[in-house]
Structures are given as structure tokens and as C-alpha cells.
Amino acid sequence: MRTILAGRVTRRAPLVAALVTALITGSAAAAFAAASPAAVSSGRPASPGYTAGLSSARGLVPGARLFVPPPSSGAPQQILQLVKSHDLRDALLIADMETIPRAVWFTGGTPAQVEQQVRQTMAEAAFERAVPVLVAYDIPGRDCAQYSAGGALNQAAYEAWIDGFAAGVGRGRAVVILEPDALGNLPSGCGGPTATYPFTDAERYAEIQYAVSALEAQPHVGVYLDGTHSAWQSVGTITQRLLTAGVQDAQGFFLNVSNYQPDPNLIDYGTWISDCIAMVTDPSNAYYANPGACASQYYPATPSDFSTWGLTTAWYAQNMGNAVAATHFVIDTSRNGDGPNNMQAYAQPPYNQPSSVISTLAGGNWCNPPGSGLGLRPASSTGVPLLDAYLWVKTPGQSDGQCDAAGGVRAWDYAAYSQPGWPADAASQALFDPLWGIDDPAAGAWFPQQALQLAQDASPALP
């Protein structure tokens, strides 16, 4: 962790300097300039072929230095506003958050454009002598055409985009988080194929397989596939999907991207998936080619009672036979410091929301939930077999989307609780987020209120 902390120190100084510069000049642009990649570099000469940080098996070396990208869009402006309002403590919390390694997302553009963008990030990471975490997020029909809708138009366009992405990585070291939610939300689970959503599961698997092949062809890239999280797909279901998508040709899978599940649950879940993969691919095992029979968080464990999860662990210990788990995984801890919000607080005074509202709120607790904090700092030394790293994949402070009743993730009885200025007509209420008291920013946009709460409630606390 020493090298990572050193990176945080070199990053924080320019951000703090940006505050002073912005106050003097009265310009938010000054904050961006002071916190630009050139301003925050480590002072070491650039190394286009930087190759430290990944093992020969493409997993992160314990203690590897992880890349700290330039400040997130919106963070310098929020820092400036906090300083102007004489809230230096919170300004420094946001600045500290921005000095911690996190992933860089690539969400579209032409093949040439994504190649250039990835190449630029690789150069910045090489300058820091750090390993970047890159998120490829352009799969056709992504996010069930919901808050983060978009992606390439078809399989051919996606393959060309992936070729550009891989070319941008080149021979440098990188971790690639390949298409969050792509295996959790298969097109068939999104109602496809239809005239307006013409995507199929077969195409989705072929697209992921192609991406794995193209990216793993680069000599120093570790690719991780979507393993969902411990409160979503069962172990057997996601094992089958991972195997079909080509996880055995990749470094492994990722968990909890953009979600809030607790680390102990995720560690068990990831370990069980790796165990299940080993069992169902071992011809000598009684469960060979039968992932649906693998124990999970749903049986014999009870998903809502973590004290029962040892039953599932014991099942694997009894049934592994000669199978040896070898599939690695990583966990996104960017926002899970306080775990998932069960929304029960809104059933109490002064909110007094009925059970039907609480049920809807709990079902949508993945979407900009209040009461969340930053989780464990990114690190490639975990002390857990097969767990390669804790990473910040979701960018802390960026909105999950416009979380509202129209999207099915909010409900509210305005007769039971309201505030002055809240919408009174049904059409406006459908687009309103009563948990924050605002209309949420669009997916990927900076969400100042959430960013500050994540920093204030970080566990472990920010300095």
C-alpha cells in the first residue's frame, strides 16, 4: 500500500493547490488546469512499455501500484463551491477521494476514438508507473436499454470497437473490467429480442467471447468478466454464463460493480463461483457439467442470514473431490462501505411510508441509495485466495441514473410525508427522487450530494 499512498500524496497536493488558485482567479477552469495529468504526474519519465504490476498469469502482483486518473468531471467544481462556502473540511474530503485509484470507463465512440482514448490513459498510467483499471462498456443493448442505455449498434460494430480498445492497450499492463452487467442482464432477461430491442443471448455470448480473445491476445492484459453480485444471480446460474462467455480464457470475473453488497458476502460468493467452475469442469466430479446443482447463497444458505452461509461453504468442502478452484476474481468496493440500504428507515417517523413503498425502495436500492459510504481502498494484496484485488470500478460521485418512480425504482406516499418545494402533481412526482429531494442527475453525471455523503461516510474513514 505504500506506493499507492505515495500516489495519493502526489495527487492531493495539486488538488489543494487548485483550490487556492481557483479562489484567487475565481475560475473553476483553474481547478481543472491545476489538477490536469501534467500537473499531477509523479515526476518520473514516461514509459510507454511499462510492464510491472501484473504476474505472468496476468493477475495483479500483490502490492502493485494502481493508476490514479485525473479528477472526475464535476469534482473540481464541487471542491471550489465548498471552499467558497468556507467548508474546507468537506472540500478536502472530496479532494482526498479523488486521489484514490479508480477505474477509467470507455463507453462508446468509433474504433479510432476509443483506441486513442485508451492509448492516452495507458500513457498517463505509464507516466505514474502504475497499472490502470479500464472498463469496456459498449456492448449492444447494454443495461436493458434503461438508465445507461447505449452501446454499439450490432455485433460487427462491437467487435470493431473492441479491436480499437485492444490496440490502444497495446503491450502495456492493464486490468480490463469487461462489460458490467452484460452477463447479469442477458438480452432474454431484458425482454429481447423484439423489434425495438433486437439483441439475443447468442450474440451477447459471442461478443464477450470475441472481446476476451482480442484483449487476452495482448501480452500484459488481465480480463475479468461480469460475475454480478451476492444478492443477484445464483452461483450455478452465473457459473453457467461465465463458462459460456469464456471465463476460462480470461483472468477471472468481477463482482459488485456499481453495487453495495458487503465484502464478506462477496468473498464467499466469489469463492463459491470459483469452486463451482472447478467442479463442473472436472470430468471426475459428480457435478461435472451440472452447474445448476451447485450450492449458492439461496440454498442451503439463506440469503438474508449471513450466519447460514457457512452451510454452503461446507457443501463445497464436502463435494469438491479432486477439483481445484483456480478462477480468480476482483471486487468493486467503491461504494459498499456501509452495505446495502434496506430502506426500513423510511417506514419510521417522520416519513411513515407504507410497506408497499418500502418494498419498491428496497428493490431499487442499487440506484443512488442514500446512506452509503466509500468502501475499502483499492489494493492488490487481499489475503484471500483467488481474490486478486479490491478495486474502485464505479466512479464514486457519479450518478447511477435518474432514479425515480417512472423508472420503477422509487415510490412515495406524498400524503404521509412531503416538504415545501416538492412536486405536487403526479407527472413531476414520477420524475422526482424523494430520498434525495431532487431530480437525480443522469447516469454518469456528477452527483454532488451523493459524492459528499460517500466521502463523509467512508469506511474506513478518509484522512
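Sorted on the mean count of surrounding Cβ atoms within 10 Å across their residues, most packed first, peptides 147-154, 61-68 read 61-68, 147-154.
With a 10 Å Cβ neighbour count serving as the proxy for reagent exposure, in which order, fewest first, do E159, E207, E124 appear?
E159, E124, E207
At full extension, D413 and L153 could sit 89.6 nm farther apart than now, given 0.36 nm per residue minus the alpha carbon distance. Calculated from the alpha-carbon coordinates, region 123-264 shows an Rg and a Dmax of 15.0, 48 Å respectively. Over all pairs of different C-alpha atoms in the chain, the reciprocal of the mean inverse distance, the Kirkwood hydrodynamic radius, equals 23.0 Å.
With a Cα-only, solvent-free Debye model of region 290-419, what are the log10 I(q)/I(0) values at q = 0.10, 0.14, 0.17 Å⁻¹? For region 290-419 at q = 0.10, 0.14, 0.17 Å⁻¹, log10 I(q)/I(0) is -0.51, -0.89, -1.10. In this label model, T244 and S359 are separated by 3.0 nm, measuring between points 7 Å along each Cα→Cβ vector.
Of the residues F106, F254, the one with the fewest other Cβ atoms within 10 Å heads the list, and the complete ranking is F106, F254. Taking Cβ atoms as reference points and 14 Å as the exclusive limit, the residues near D90 contribute a net charge of -2, counting Lys and Arg as +1 and Asp and Glu as -1.
Only DSSP H runs of four or more residues enter the estimate; each adds -39500 (n - 2.57), and after division by the residues of the chain the mean residue ellipticity at 222 nm equals -11000 deg cm²/dmol.
Annotation: amide H-H contacts under 5 Å for A389 (H modelled 1.01 Å from N, sequence separation of 5 or more, or interchain): I331. Hydrophobic long helices, here whole DSSP H runs in the chain with Kyte-Doolittle means of at least 0.5 and Cα atoms spread over 20 Å or more along the helix axis, are found at 2-25. As a ratio to 2.2 N^0.38 Å, the alpha-carbon radius of gyration computed for region 216-351 takes the value 1.14.
In terms of other Cβ atoms within 10 Å, K84, K394 run from fewest to most in the order K84, K394. Using a cut-off of 12 Å between beta-carbons, work out the net charge of the residues near S148 (Lys and Arg +1, Asp and Glu -1, S148 not included). It works out to a net charge of -3.
Distance between the pseudo-spin-label points of V324 and S381 (7 Å out from Cα toward the beta carbon): 2.6 nm. A cut-off of 5 Å between modelled amide H atoms, ignoring neighbours fewer than 5 places along the same chain, links F254 with L225, D226, G227, V330.
Derived from the Cα gyration tensor, the three semi-axes of the equivalent ellipsoid of region 91-140 are 24, 15, 9 Å, largest first.
The separation of region 249-279 from region 368-420, counted between C-alpha centres, amounts to 18 Å.
Values in this text are rule-based calculations from the coordinates and carry no lab data. These numbers were taken from a predicted model, which means no experiment stands behind them. So basically every Cβ, Gly included, is an ideal-geometry build from the backbone, and we count neighbours across all protein chains shown.
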